[in-house]
1. Exposure proxy check: PHE111, PHE162 ranked by fewest other beta carbons within 10 Å?
2. With mean projected area of the Cα convex hull in nm² as the read-out, I listed (1) 15.6; (2) 16.4; (3) 12.1; which label goes with the value calculated from this structure?
3. If I model a spin label as a point 7 Å beyond the Cα along the Cα-Cβ vector, how far apart are those points for ASN183 and GLN45 in nm?
4. Can you sort ILE62, ILE190 so the residue with the fewest Cβ neighbours within 10 Å comes first?
5. Pick from LEU95, LEU144, LEU230 the residue whose mean-square fluctuation is largest in a GNM of the chain, springs joining Cα atoms under 10 Å.
6. Test of the criteria: in region 49-134, which trypsin sites (Lys or Arg not before Pro) are in a DSSP loop and have at most 13 other Cβ atoms within 10 angstrom of their Cβ?
7. Within a 10 angstrom radius of the beta carbon, how do TRP57, TRP43 rank from fewest other beta carbons to most?
8. Taking a cut-off of 25 Å between Cα atoms, list the lysines near LYS251, but don't count ones fewer than 8 places away on the same chain.
Amino acid sequence: MLVDSHCHLEYKGLAEDQAGVLARARNAGVGQFLNISTRQSEWAQIVATAERESDVWASVGIHPHEADQHADLGRDALLAASENPRVIGIGETGLDYYYDHSDRATQRELFRMHITVSRETGLPLIIHTRDAEADTLEILEDELGKGAFPALIHCFTASAAFGNRVLEMGLTISLSGIVTFKNARELHEIAREIPQNRLLVETDSPFLAPVPHRGKPCEPAFVANTAQFLADLRGEEFEALADYTTANFRKLFSKAAF
């Protein structure tokens, strides 16, 4: 069995045929899905999908692109949303200095607030970081000094130095279809070295379709392509990689009842 540890089932490209999307993924061997939120207005629908589909789980959080629109979001609102039994993660949250859709100071403030909630609830923090390695590391190091919290870097595309540092901190790394791209040579080298017990796979669908589906809307079923590529890259059996990435997901997202 595989797990798609990061998908957006409510986004255009998947929401129009959500039942078909899930059926195709299940037929491809995907047994669990984590449906990720990026803004508060999505939370109710994402939780509703998780309540309707027994193999779909939910996260609650604010993407850094949406930080300006949620500058006044209080910790209590995130804490309350996280209490739902189908919510197993906090995020996605983090920093994105590539697009700068939101003020950087506001991004950093909300990132820290999400960390506080992750620490208080024990729910894993799902981190997005792009062109913001230094600030991401500074915040993580500072916040870990205040107390431990579980966390992962989703859709990892950062440097080897960043990857090594977050692994030293105890974080997990999740790889998307980007790793299948021919020009992702640095990422290939990093992917070979991630310890088995710290690796997850994801689609980030409907974005970033892996080879051989590039140019199409990405679906959770395509996590199988990413997993096969990774197994070949790492010199492992596909079944072994599927087994240990699933075990890693279950250990990290321990609130879920599998």
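Since every read-out is calculated from the coordinates, none of them should be taken as a lab result. Since the structure is predicted, the reported quantities are computational estimates derived from the model, not experimental observations. Using ideal geometry, Cβ is built from the backbone for each residue, glycine included, and neighbour counts are taken over all protein chains shown.
1. The order, fewest Cβ neighbours first, is PHE162, PHE111.
2. Only one listed value fits the structure, namely (3).
3. In this crude spin-label approximation the distance works out to 3.2 nm.
4. ILE190, ILE62
5. LEU144
6. Within region 49-134, no trypsin sites (Lys or Arg not before Pro) qualify (loop, at most 13 other Cβ atoms within 10 Å).
7. TRP43, TRP57
8. By straight Cα distance, LYS251 reaches LYS146.
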